[in-house]
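The values are calculated or read from the model by the stated rules, or taken from the named source; none is laboratory data. Keep in mind it's a predicted model, so treat the numbers as computed, not measured. A quick note on method: Cβ atoms are made from the backbone with ideal geometry, for glycine too, and the neighbour counts reach across all protein chains shown. Please note that ligands, DNA and RNA were not included when accessible areas were found on the heavy atoms of the full protein model with its side chains. Shrake-Rupley method; radii C 1.70, N 1.55, O 1.52, S 1.80 Å.
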Amino acid sequence: MNSFIMKVVRSVSAITLTLSVAFVIAPSGAVAQQNSDTIKIGGTLSLTGPLAPTAAMHKIAGEVYVKQLNEGDGLHGRKVEWILLDDQSKPELARTLYERLITKDKVDFISSPYSANIALAVMPVAERYGKALITSTFSMPKLSRYARHFTAWSVGPTPEVSIPTLVLDTLAGAGKIPKTMAIVTGKTPAADFIAAGAREVAKQRGVDVNLYLEYEFGTRDFGPIAARVRQADPDLLFVGALGLEGNMLLEALEKLNYAPRNHFYLYPSPGPLAASKLGANALATALFEDLPPMNQSKAASDFISAYRSAAAQANLPYQEADTQPAAMYSTLQTLTAAVRETKSLDDSKIADWLKVNSVETLIGKLRFDGPGNFGADLTKIKQVQNGKWVVVAPKGFATPGATVIAK
Amino acid sequence: MNANLLAQSALSGLFSGGLYALLGLGLSLSWRFLRIINLSHFAMIFLAAYLTYQCTAIWKINPYLVPLFLIPLFFVVAALQQLAIIRFGIDEFGSIVATFGVTIVVEALLQLIWSADFLRLETDHLKGSMVLGSLLVPWADAFMFMCAVTTCVGAWGLLRFTYIGKALRANVENPAIASIFGVQSRRLSLLVAGSAGGLAAFGGVFIALLFALTPSQMYSWFGVIFATVIMGGLGSPLGVLVAGLLVGVSESFAMALVAPSWAPIVPFTLMVSLLTLRPGRI
């Protein structure tokens with residue numbers, strides 16, 4: 001009896017271990033089998049780990065795109081396979097996996113990982129093998145040093161100036177020019193330099209930055225930060241927030257019976273911020289929203305309906321087809337446009353073509369002709385109004401009837 | 001520096017410290033009395049947090065009732081895990097690997113069921129803050145703090161004054177002699193493991209009430225809770241409470257007086273200092 005139990009336990013242990021290992025290393029998502037007649041695109045996403053909440057959206061967007069592509073005529077008449085691996089939110093693992101995808105799986109192209117940190121880690125691998133790398137959320141032009149790196153995160157060549165300028169212009173458009181500003185930022189590469197830029201922009205425009213705080217990624221207790229914000233009582237709270245940090249700060253402020261008059265979050269988790277009562281009138285950056293005029297094209301409406309349905313199937317609490325999934329989708333639109341136009345699978349030809357051409361994507365017309373291959377600034381500002389996001393600036397992209405609410 | 005800001009920060013630190021103690025207590029007890037470094041304690045906490053979310057947000061069960069069935073459930077689960085550990089003769093260091101494996105499996109399970117996306121339990125229970133002079137005391141944090149202090153003091157009392165507590169201490173000191181006096185080591189170990197599981201469930205309820213949930217977040221608690229447990233002294237509920245408060249308040253002061261980015265350095269600086277001054281701590 002004992003030996004039977006031992007056998008059962010050993011079998012279960014072995015299966016669990018095998019499944020765990022398989023879960024980590026096996027290709028997931030769009031492709032299970034590889035076929036030599038297909039064009040292979042390989043990449044990683046952070047399917048587990050701290051980046052997984054956002055990467056889950058990227059995975060669905062990528063799967064939607066590849067499915068739509070294969071429902072058409074694929075690429076050069078060949079079907080496309082997407083080999084997707086889990087980098088577990090670890091840059092060093094992503095580097096190894098891309099090496100494997102290029103050398104062992106012999107992918108024709110590489111797809112974007114999620115997050116600037118992981119893209120930075122992957123860039124040298126892409127460079128070593130001369131692969132074109134079109135990233136979805138890389139927002140730091142100064143760190144884009146690989147000649148064949150392009151990004152769909154089209155924030156222009158100086159986002160550290162253009163984003164804070166757009167925020168202040170948006171408030172000024174409502175007749176509320178802040179006199180004081182508190183800047184609170186996470187010490188992450190993507191947020192830190194924007195916050196530093198905001199301080200400079202504020203100075204140039206005569207706005208007094210009466211508080212400037214940096215916190216570590218992973219900070220849980222925002223109580224003391226909230227106490228300092230409350231004491232500073234700024235006209236504008238500018239938060240270099242990623243993910244849920246904005247919500248955490250707002251909750252800590254609420255415990256102190258304080259609500260910021262005007263508040264901006266750089267890259268927040270859009271669902272929780274809009275859903276929270278505390279998120280009322282919060283401003284944030286956006287590149288694409290399921291709102292007119294951005295959702296008016298056929299490509300956009302196809303993407304939106306397919307994404308929503310896939311997100312519901314994947315049990316995601318937030319199923320809006322907005323900036324994050326659109327960025328991933330746009331990277332693949334960019335890649336396939338270049339492949340079709342060059343009629344080639346050659347990374348060098350694709351990269352050369354991208355440098356001198358523009359590509360129509362969900363996010364807008366992407367160009368790669370500036371420093372670090374950054375081109376047009378397509379940043380928009382959105383605001384939570386009545387529990388939903390609306391775009392309030394620039395004017396050409398504002399949701400019809402929506403104007404910024406400022407205090 | 002404004003005195004009110006300092007006092008408010010100290011209060012915030014006390015509340016954080018209370019939570020550290022509550023989350024660390026089960027880990028400390030199983031490390032001391034079972035010689036098990038149970039990393040799956042964090043997985044249990046988050047599993048309980050997700051179940052609290054499910055019960056409260058989806059099934060609309062009053063959050064105060066959730067611990068009443070989660071604690072017994074987790075007591076049983078943790079006791080079963082301890083049975084497996086005994087059965088396979090896993091030692092102290094082996095337990096790190098084994099329980100880390102369980103943690104990974106639970107993380108995958110959470111992601112499978114609730115997705116990797118953020119979940120926030122929106123509840124009207126314990127909303128808002130009370131005003132004490134110039135200080136604002138959030139009800140939810142104050143309630144959690146009271147529970148944490150009561151639990152730690154209660155655990156200390158149990159260990160100090162009851163037969164079970166004495167038996168546990170005797171069993172750790174000298175199991176052979178303890179058994180001569182009728183101490184049943186196996187039963188005690190199941191009781192300790194189950195209690196640690198119950199504490200994990202209790203802590204998980206507060207994690208769900210106070211924080212947004214995402215499966216991988218469990219790892220972000222490892223460092224500060226281990227620092228608290230080691231500083232508090234293994235198996236010492238009052239030590240864990242004091243260490244938690246010390247860490248929490250120090251972090252808060254670092255945030256308020258210096259810069260928030262210094263806060264993560266605090267628990268480890270304190271831990272290293274303490275281990276240097278009192279190397280026989282573990």
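A few points about this structure:
- Counting only helices (runs of 4 or more DSSP H) that sit wholly inside the range A:106-216, those with at least 2 residues that are closer than 30 Å to A:Asp86 by Cβ and assigned by TED's automatic domain parsing to the domain that holds A:Ala52 are A:116-129.
- Scanning the range A:362-382 for residues that are open to solvent by less than 10 Å² (accessible area, probe 1.4 Å), farther than 19 Å from A:Thr170 by Cα and not in a loop (DSSP other than H, G, I, E, B) gives a single hit, A:Leu366.
- Cβ separations smaller than 8 Å between residues 6+ apart or across chains give the following pairs from the range A:343-367 residues that are closer than 26 Å to A:Met294 by Cβ and in the same structural domain as A:Lys131 (by TED's automatic domain parsing) to residues that are basic (Lys, Arg) and not in a helix (DSSP H, G or I): A:Ser358/A:Lys365; A:Ser358/A:Arg367; A:Val359/A:Lys365.
- Filtered residues of the range B:112-126 (kept if in contact (Cβ under 8 Å) with a residue 12 or more places away in the chain and facing another protein chain (nearest Cβ under 9 Å)): B:Ile113, B:Trp114, B:Ala116, B:Asp117, B:Phe118, B:Leu119, B:Arg120, B:Glu122
- The residues of the range A:51-83 that are outside any helix (DSSP H, G or I), open to solvent by 20 Å² or more (accessible area, probe 1.4 Å) and out of contact with any helix residue (DSSP H, G or I) (no Cβ under 6 Å at 6 or more places or on another chain), listed by number, are A:Leu51, A:Gly72, A:Asp73, A:His76, A:Gly77, A:Arg78.
- Selection of helices (runs of 4 or more DSSP H) fully inside the range B:87-190 by the criterion of at least 1 residues being out of contact with any Lys or Arg (no Cβ under 6 Å at 6 or more places or on another chain), more than 22 Å from B:Phe46 (Cα to Cα) and at pLDDT 95 or above returns B:139-161.
- Yes/no for B:Phe181 being away from chain A (no Cβ under 14 Å) and touching a residue at least 40 places away in the same chain (Cβ under 8 Å): no
- For the range A:303-322, a tally of residues being open to solvent by 30 Å² or more (accessible area, probe 1.4 Å) and either assigned by TED's automatic domain parsing to the domain that holds A:Ser269 or assigned to a loop (DSSP other than H, G, I, E, B) (or both) returns 6.
- Applying the set (1) without any contact (Cβ under 8 Å) to a residue 12 or more places away in the chain; (2) over 21 Å from A:Ala406 (Cβ atoms); (3) not aromatic (Phe, Trp, Tyr) to A:Gln204 leaves exactly one unmet item: (2).
- Matching residues in the range B:85-108 - criterion: being under 21 Å from the mean Cα position of the chain (by Cα), closer than 29 Å to A:Lys59 by Cβ and not aromatic (Phe, Trp, Tyr): B:Gly101, B:Val102, B:Thr103, B:Ile104, B:Val105, B:Val106, B:Glu107
- Conditions (1) within 14 Å of chain A (Cβ to nearest Cβ); (2) in contact (Cβ under 8 Å) with a residue 24 or more places away in the chain; (3) surrounded by fewer than 18 Cβ atoms within 10 Å (Cβ to Cβ): number failed by B:Pro138: (3)
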